[in-house]
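K.L.:
Pasting a structure below so you can have a look.
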Ligand code: AMP
């Protein structure tokens, strides 16, 4: 595995492959790699000739209130995982080079960024879309792999690539979970034992919402209420949002259409967790077919 740090080295690597008939797959990450990231690397390995991963704790996507310094850094283990998964090139850029002192350009997707995570973390998505634009522009991969776990981010990046004609196909990969359903996240390590037990309830409440829809419930508030009640029974936590939304626009749905996404975010102490479950709304409820 080749490891590079400079933008110039990345550009050179890319130029040397210009015109080669090879498919380049890209997995951008913040590092602290876990089995969720591994699944993205494996998917890229299966689908592409060359796999490029990046590890960069992008300061632009952290809110002023969020502690960038606390973000876990495990570069040695991350390199081992990338090697194990057959990554060809690992890009670990310097922040100073990506954001020099005179850096002045921010890329913003409107619409999709306004609700849910965007409402709670107003700077976050423009930080993500700015760094993703830079990385896609530098590497020009054929495909880039993102997790369903960050569903709103996935939709925003798809929109970004479409609007700016970036030419990379954005591939969504399934969420990897612990045995109780908790989505893997580098933040899980900050949970106390009690919080960890409660954390699994987020996914369970989203699953409950999905089950109610499949059974024929069609009123958004009934479903949201049932999910909230389920979480309330789990013990101390703050529910930031629970939403029944259109799977493409993320607008709350009063009349449930074919594809629905249930979104949830909770806070346990200082740890924020997000998750989602997709549901296909049956024409007829289960049991009436
Ligand atoms: P991050 O390092 O948190 O920016 O995540 C990098 C990529 O890994 C993003 O596309 C995430 O959606 C994806 N990812 C994070 N956690 C998981 C998970 N549990 N399952 C699948 N993909 C994930």
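Bear in mind that the values in this text are calculations on the coordinates, not laboratory data. Treat the numbers as computed from the prediction; the structure is a model and nothing was measured. Positions of Cβ are generated from backbone atoms using ideal geometry, with glycine treated the same way; all protein chains shown enter the neighbour counts.
K.L.:
Cα gyration tensor of the stretch 59-182, axes a ≥ b ≥ c as square roots of the eigenvalues: rounded (a/c below 1.5), prolate (a/b > b/c) or oblate?
P.N.:
rounded
K.L.:
Could you state the angle between the C-alpha long axis of helix 7-16 and the longest principal axis of the C-alpha atoms of the chain, as a value from 0 to 90 degrees rounded to the nearest 10?
P.N.:
For 7-16 against the chain, the angle is about 80 degrees.
K.L.:
For the stretch 1-45, rounded, prolate or oblate, judged on the Cα gyration tensor with a ≥ b ≥ c (square roots of eigenvalues), a/c < 1.5 rounded, else prolate if a/b > b/c?
P.N.:
Taking the square roots of the gyration eigenvalues as a ≥ b ≥ c, the stretch 1-45 is oblate.
K.L.:
A further question follows. Put one equal scatterer on each alpha carbon of the stretch 150-221, apply the Debye formula with no solvent term, and list log10 I(q)/I(0) at q = 0.12, 0.14, 0.24 1/Å to two decimals.
P.N.:
For the stretch 150-221 at q = 0.12, 0.14, 0.24 Å⁻¹, log10 I(q)/I(0) is -0.54, -0.69, -1.03.
K.L.:
Moving on to the next point. Only helical DSSP H runs with n ≥ 4 go in: add -39500 (n - 2.57) per run for the chain, normalise by residue count and round the 222 nm mean residue ellipticity to 500 deg cm²/dmol.
P.N.:
Mean residue ellipticity at 222 nm (helix-derived): -11500 deg cm²/dmol.
K.L.:
Something else: Once you keep just the Cα pairs under 8 angstrom separated by 6 or more residues, what percentage relative contact order results for the stretch 37-187?
P.N.:
25 percent
K.L.:
Mean separation of Cα pairs under 8 Å and 6+ residues apart, divided by the residue count of the stretch 158-280: what relative contact order is that in percent?
P.N.:
Reported relative contact order: 23 percent.
K.L.:
Which percent of Cα-Cα pairs in the stretch 177-289 sits in each 10 Å bin, short to long?
P.N.:
The distribution over the stretch 177-289 is 15, 46, 28, 10, 1, given as percents.
K.L.:
With springs only between Cα atoms under 10 Å, which of 189, 159, 148 fluctuates most in a Gaussian network model of the chain?
P.N.:
In this elastic network of the chain, the residue with the biggest mean-square fluctuation among 189, 159, 148 is 189.
K.L.:
With 12 Å as the cut-off, how large is the P(r) tail for the stretch 100-147, expressed as percent of Cα-Cα pairs?
P.N.:
Cα-Cα pairs in the stretch 100-147 separated by more than 12 Å: 69 percent.
K.L.:
In the stretch 233-282, if every C-alpha pair distance is counted and binned at 5 Å from zero, what percent goes to each bin?
P.N.:
Bin by bin from 0 Å, the calculated values are 5, 21, 25, 18, 13, 12, 5, 1.
K.L.:
Take the Cα gyration tensor of the stretch 1-135, multiply each eigenvalue by 5, square-root it, and list the three semi-axes largest first, rounded to whole angstrom.
P.N.:
Its equivalent ellipsoid spans semi-axes of 26, 18, 16 Å.
K.L.:
Given all pairs of different Cα atoms, what value in angstroms does the Kirkwood hydrodynamic radius of the stretch 114-185 take?
P.N.:
13.2 Å
K.L.:
Another question about this same structure. Tell me the angle of helix 193-214 to the major Cα principal axis of the chain, expressed in degrees between 0 and 90 and rounded to the nearest ten.
P.N.:
Rounded to the nearest ten degrees, it is 70.
K.L.:
Using a Gaussian network for the chain with springs between C-alpha atoms less than 10 Å apart, which of these wobbles most: 246, 230, 165?
P.N.:
165
K.L.:
With axes computed from alpha carbons, what is the tilt in degrees of helix 220-234 against the longest principal axis of the chain, rounded to the nearest 10 within 0 to 90?
P.N.:
80 degrees
K.L.:
So what's the chain giving for Rg/Rh, alpha carbon basis, Kirkwood Rh from the mean inverse pair distance?
P.N.:
With Rg and the Kirkwood Rh in hand, the quotient comes to 0.98.
K.L.:
Comparing 91, 62, 103, which has the greatest mean-square fluctuation in the GNM of the chain with Cα pairs linked when under 10 Å apart?
P.N.:
The residue with the greatest mean-square fluctuation here is 103.
K.L.:
Quick check: pseudo-label points 7 Å beyond the Cα along Cα→Cβ at residue 280 and residue 219, how many nm apart are they?
P.N.:
Inter-label distance under the simple model: 2.8 nm.
K.L.:
What percent does the relative contact order of the chain come to when contacts are Cα pairs within less than 8 Å and at least six residues apart?
P.N.:
16 percent.
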